[in-house]
1. Quick one: residue A:542 ticks every box in (1) open to solvent by 30 Å² or more (accessible area, probe 1.4 Å); (2) under 30 Å from the mean Cα position of the chain (by Cα) bar one, so which box is it?
2. Can you tell me which residue is farthest from the other protein chains (Cβ to nearest Cβ) among those in segment B:88-106 that are open to solvent by 60 Å² or more (accessible area, probe 1.4 Å) and under 24 Å from residue B:136 (Cβ atoms)?
3. Pull up segment B:124-156, narrow it to residues that are among the charged types (D, E, K, R) and within 13 Å of another protein chain (Cβ to nearest Cβ), then point me to the one that is most open to solvent (accessible area, probe 1.4 Å).
4. Determine which member of the set A:433, A:399 is at pLDDT below 95, closer than 20 Å to residue A:246 by Cβ and not aliphatic (A, V, I, L, M).
5. Taking the options A:314, A:300, name whichever one is modelled with pLDDT of 95 or more and open to solvent by 20 Å² or more (accessible area, probe 1.4 Å).
6. Right, residue A:356: within 14 Å of chain B (Cβ to nearest Cβ) and open to solvent by 10 Å² or more (accessible area, probe 1.4 Å) or not?
7. Could you list, in sequence order, all residues of segment A:491-515 that are farther than 13 Å from residue A:443 by Cα and within 14 Å of chain B (Cβ to nearest Cβ)?
Amino acid sequence: MSTTSTTRAGKDEWLVGYLLDTTGQHSDQYAERLRILRNEKLDKPLITLLSGSCSQVHKVEDIETAIQHYLEDNQRDARLIRTACNGLCAFGPQMGIQLPGKYTLLLQKVDTGDVFDILDAALNYNADPEHILCQIPVRGAEPWPGIQLFSQLPMIQGQKRILMEWNGIINPEQIDAYIAHGGYRSFIKTIFNYPAARVCDLIEESGLRGRGGGGFPTGRKWKIALNAAADQKYLVCNADESDPGAYMDRELIEGNPHQVVEGIALAAYAIGASKAYIYLRHEYTLAIHRLETAVQQAKSLGLLGSNILDSGVSLNIQVVHSPGAFVCGEETALLNSMEGRRGMPRTKPPYPATRGLQGKPTVVNNVETLANITHIMAHGPRWFMDIGTGNSKGTKLFSLAGRVKYQGMVEVAMGTSLRDIVYRMAGGVKDDSNLKALHLGGPSGILLTPDELNTAVDYEDLKSLGAGMGSGGMIVLDEHACLVDTARFYMSFMQAESCGKCIPCREGSRRMLDILHSLTHRPANEAGHETLERFKGVMQLESLAQVMKDTSLCGLGQNAPNPLLSALTKFRDEFEEHIFDRKCRANVCRELRVFYIDVEKCTGCTLCARKCPYDAIIGSPQYPHFVVEEKCTGCGICQAVCKFSAVFIR
Amino acid sequence: MDQELSQILERYAQGNPDTLISILQEVQRHYGYLPEGIFSHIARHVGMAPSRVYGVATFYDQFRFEPAGRIHIRLCAGTSCHLEGMPSLTRELERLLNIKEGQVSRDGMFSFEKVQCLGVCGHAPVLESGGRYWEGVTPEKLREIIQELKSRPSLV
């Protein structure tokens, strides 16, 4: 590879000059060009299509084609760019329209068929109220009358957007846009002005803690690696987000990949690593593409590579496509996987910070942690310490899913209550049904009761409830969800993902799943003390969980029983109902259902009897039919086929 | 060893186990799965025992060991999709295609698998086939989707 000065792209040379002008002496000469890059000075309308991974679901390609057709047919000139999701997934597909001198209009739920009408109205300075969600301020431009601001949206109020500030606004595939919004400045300033140890100090001072789950102080981890003597050190960005229902890392990468790259560059500089890897899930095709583009662009501008801008600092970043295993989120398992082995955790100590990849000091940081670094170095540790609570600083991203009104991503300051997140930012429970529980932290997380929602987002507060900050996946469960089934779902996930190294985890998770399976299914026969046996199994779950916690090597095994144990302690009545009454109040456990036919409504059409695969329905034509309980498996076909709505669940 | 495989292997330095997963990924990209015959060649190239190479390949979700159907459907197994009724969709799909998860229908047309969260939880339940996504799928919608996939001329 050639050095920086030869690969630097000619037309973007001034960007490097701007970055090197850390004192701001020549800021006047760049101001105009930066305004153009920030889209604050438009010569023609700008249409933004918010397209992250969800765009595939929304068929954003079709919308894009429709826009192009409109522009061609009407001979309008406009610039069309694609950004990423702004976290308001429930309002997608979203489209932004910015006219010269005006704030950006953000439109929601745009359909291909609406494109013509929307553009016709908006491009003629007349806002179509049907699709308008809000407007986004643009510096030096005028607001539209009577339209609320983005920051005034109920979902956004109460959020503190630092990492997600530019999501959906900035073009993620253009490095100049990122630089114009202040990007890479702190990286350049840092490598020219601060020694590595000073960066570690600043990060430690800021109180930043790992966002991946453990919550270990990032600065301290870096210092261990910095002080370890070695000829080669590595930085690994852990983007192997495989927790079902969590997608914060993906959103950060898709929305603003350069922010992550800059964080990685700063972290690598701080620990003295000249090689960094990003371990990213292979399924995240768009995130892979955007990240690889970002790394490439940074390299061609001379911000990565050897001897970066003649500073003597070198860094190469490589994107590794993770082949997919939940356990590889654990740092030592991840390192094994990167070395071409089965992703099984190693015994700690030695910790990766002293002996990691290829036996060299390696720091493994999560995407969100690294994205924070960029901002801490830009604004200083004091600024960061002012956000959050005593021991938890900064913001945290959560992905909200399940039965909430507005699913999507939120970024809140530490200390925000969970109730605020669920009821204000997510708009409460879907269909106004009652909240039953909140599941926090994915398969190794716990269930919280509605009473516990007043807890704040804070490492210590959540720990006191037995929950970790975890991955940030938040699942809202209402009356339609069965908690026994939810516990079984997580357990089956953990059982499948257990790497098999520690016997308590491998066999224990299997045994737990068996016990849960027997609760959610009807026994083959009722002979003997089946019920008692099953109850005994439940009684032993706690001691089994304790053994798993005590004897498993990594977090997967230690935390695998969490969802089940929290459900068992907090929602014991549901378990008892499943055991003694064979009843699932949410009617989710299909095998426990028994159907009956209302004799008043049944006309004796014989349809259900003919369709029943188990011959569980008897009756003569023209006369009411009956379900033989012993034979019924609860499949529900009879209910689905009945034309007279005569079949009910007992 | 066929030519494509040796071409892939040539791109990676010999005797370096670190490259194993990248090699396997590239081989799978080329063949669509990992054919049985390749393991000994790859093992020799990276300097590992074939059993170890096989052990690594079977550990990860990404690798498959038999070809998928011409139409391969991926069902999201994330929490949101589970809550919104993925179990009944799975049963309906099994019934419609007359195959179980991981199997290929007799005419080689269909196969389906459950995959880790596709990350579009806001639109659960979600399924994907050939780069196309369907959101908010119900059993009725599923029947239409299957019909639609069957009638795609390019695949028959």
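The values are calculated or read from the model by the stated rules, or taken from the named source; none is laboratory data. Worth saying up front: this structure is predicted, and the values here are computed from it rather than measured. Counting neighbours? That spans all protein chains shown, and the Cβs are built from the backbone with ideal geometry, glycine included. For accessibility, only protein heavy atoms count, side chains too; no ligands or nucleic acids. Shrake-Rupley method; radii C 1.70, N 1.55, O 1.52, S 1.80 Å.
1. (2)
2. Just the residues of segment B:88-106 that are open to solvent by 60 Å² or more (accessible area, probe 1.4 Å), to begin with: B:91, B:95, B:98, B:100-101, B:103, B:106.
From what is left, the residues that are under 24 Å from residue B:136 (Cβ atoms) are B:91, B:95, B:101.
Values: B:91: 8, B:95: 10, B:101: 12 Å.
Per the stated criteria, the residue is B:101.
3. We begin by selecting, within segment B:124-156, every residue among the charged types (D, E, K, R); these are B:128, B:132, B:135, B:140-141, B:143-144, B:148, B:150, B:152.
The next check asks that each one be within 13 Å of another protein chain (Cβ to nearest Cβ); those that pass are B:128, B:132, B:135, B:140, B:143.
Numbers: B:128: 21, B:132: 79, B:135: 64, B:140: 106, B:143: 91 Å².
Of everything passing the filter in segment B:124-156, B:140 is most open to solvent (accessible area, probe 1.4 Å).
4. Numbers: A:433 fails: closer than 20 Å to residue A:246 by Cβ.
Unique residue meeting the criteria: A:399.
5. Answer to the check: A:314.
6. Considered against the rule, which asks whether it is within 14 Å of chain B (Cβ to nearest Cβ) and open to solvent by 10 Å² or more (accessible area, probe 1.4 Å), residue A:356 comes out as no.
7. As a first pass, look at segment A:491-515 and keep what is farther than 13 Å from residue A:443 by Cα: A:499-508, A:510-515.
A:499, A:500, A:501, A:506, listed by residue number.
Residue-by-condition table, conditions (1) small (Gly, Ala, Ser); (2) over 18 Å from the mean Cα position of the chain (by Cα); (3) outside any loop (DSSP other than H, G, I, E, B); (4) within 14 Å of chain B (Cβ to nearest Cβ):
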| residue | (1), (2), (3), (4) |
| --- | --- |
| A:245 | yes, no, no, yes |
| A:262 | no, yes, yes, no |
| A:265 | yes, yes, yes, no |
| A:269 | no, yes, yes, no |
| A:288 | no, no, yes, yes |
| A:293 | no, yes, yes, no |
| A:309 | no, yes, yes, no |
| A:312 | yes, yes, no, no |
| A:342 | no, yes, no, yes |
